[in-house]
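The structure appears right after this line, and notes come after that.
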Amino acid sequence: MSPPLILASSSPYRAELLGRLALPFETVAPEVDESHLRGEPPTAMVARLARAKAAAVAAARPDAVVLGGDQCLDLDGEILGKPGDFDTALAQLRAASGRTAVFRSGVCVLGPGGGEIGGVEVPFAITFRVLGEAEIRRYLEHDRPFDCAGSVRSEGRALALMERTDGPDPSALMGLPLIATSRLLEAAGVAVL
């Protein structure tokens, strides 16, 4: 029998993605400071935060397998996180217009007792079309992606902002790369199939 599985996240997007694996799981919002550390590269930040989220929840639930995740949009080394408001989202999308950026999705799985099973960072590149001001504003007013890294809500109209995408796992665009997650969960004793 598989140990209980906990998603250490308050993200409805990650919960929806994990739900695609048809596994029973709980969600617990971790109490973690998600601030970017000065000089920290985007890949290191998402790996650190994924592990910190998993560890925060695992401390209270040593019986469970705990999955933590984090994501940012890397625009030539500049980290674009959740904008929080319209004006920040507008600035992010203006900056990304006509450029290629990389979603960095970090995943960490801790086994029962808090031992690290493994962690990965999965990149997913997107190239934005050259975006007009009116297009950006209409997208923001409709999708309101203020809780999404880089102001990109891929579950909505954000794909219309893009010229092309490139990555090993399309679910990484939404914030939880299911290919890598499945492998890590199997290694932790969670029967995915």
task = May I ask you to list the residues in the range 101-125 that are within 20 Å of C148 (Cα to Cα) and either without any contact (Cβ under 8 Å) to a residue 24 or more places away in the chain or surrounded by fewer than 16 Cβ atoms within 10 Å (Cβ to Cβ) (or both)?
result = A125
query = Does A15 count as free of Cβ contacts under 8 Å to residues at least 40 places away in the same chain and in contact with a strand residue (DSSP E or B) (Cβ under 9 Å, 6 or more places away or on another chain)?
reply = yes
inquiry  = For the range 1-24, which positions are surrounded by fewer than 19 Cβ atoms within 10 Å (Cβ to Cβ) and in a loop (DSSP other than H, G, I, E, B)?
reply    = M1, S2, P3, P4, S10, R20, L21, A22, L23, P24
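Is it the case, given these coordinates, that P4 is more than 14 Å from the chain's Cα centre (by Cα), under 29 Å from D76 (Cα atoms) and touching a residue at least 24 places away in the same chain (Cβ under 8 Å)?
No, not satisfied.
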inquiry  = Only one of E26, E40, E31 is in contact with a strand residue (DSSP E or B) (Cβ under 8 Å, 6 or more places away or on another chain), without any contact (Cβ under 8 Å) to a residue 40 or more places away in the chain and of a type in the set (D, E, K, R). Can you tell me which?
reply    = E26
note = Of the residues in the range 96-132, those that are part of a loop (DSSP other than H, G, I, E, B) and aliphatic (A, V, I, L, M) number 2
message = Every residue in the range 30-88 that is over 30 Å from E186 (Cα atoms) and aliphatic (A, V, I, L, M), please.
response = L37, L75, I79, L80
request  = Could you tell me whether L90 is modelled with pLDDT of 95 or more, among the aliphatic types (A, V, I, L, M), surrounded by 14 or more Cβ atoms within 10 Å (Cβ to Cβ) and in a helix (DSSP H, G or I)?
outcome  = yes
inquiry  = Could you check the range 25-43 and list, in sequence order, the residues that are assigned to a loop (DSSP other than H, G, I, E, B) and either buried (at least 16 other Cβ atoms within 10 Å of the Cβ) or of a type in the set (D, E) (or both)?
reply    = F25, P30, E31, V32, D33, E34, E40
message = Given the criterion among the charged types (D, E, K, R) and within 12 Å of C108 (Cβ to Cβ), identify the matching residue among R48, R61, R14, R20.
response = R48
query = Scanning for something more than 17 Å from G118 (Cβ to Cβ) and either among the charged types (D, E, K, R) or in contact with a helix residue (DSSP H, G or I) (Cβ under 7 Å, 6 or more places away or on another chain) (or both), does the range 42-52 turn up at least one residue?
reply = no
request  = Note down all Cβ pairs under 9 Å where the first residue falls in the range 48-70 and is free of Cβ contacts under 8 Å to residues at least 60 places away in the same chain and part of a helix (DSSP H, G or I), the second is among the charged types (D, E, K, R) and buried (at least 24 other Cβ atoms within 10 Å of the Cβ), and they're at least six residues apart or on different chains.
outcome  = R48/D70; L49/D70; A52/D70; K53/D70
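The values are calculated or read from the model by the stated rules, or taken from the named source; none is laboratory data. The structure presented is a predicted model; accordingly, all values stated were derived computationally and were not measured. We place every Cβ from the backbone using ideal geometry, glycine too, and count neighbours over all the protein chains shown.
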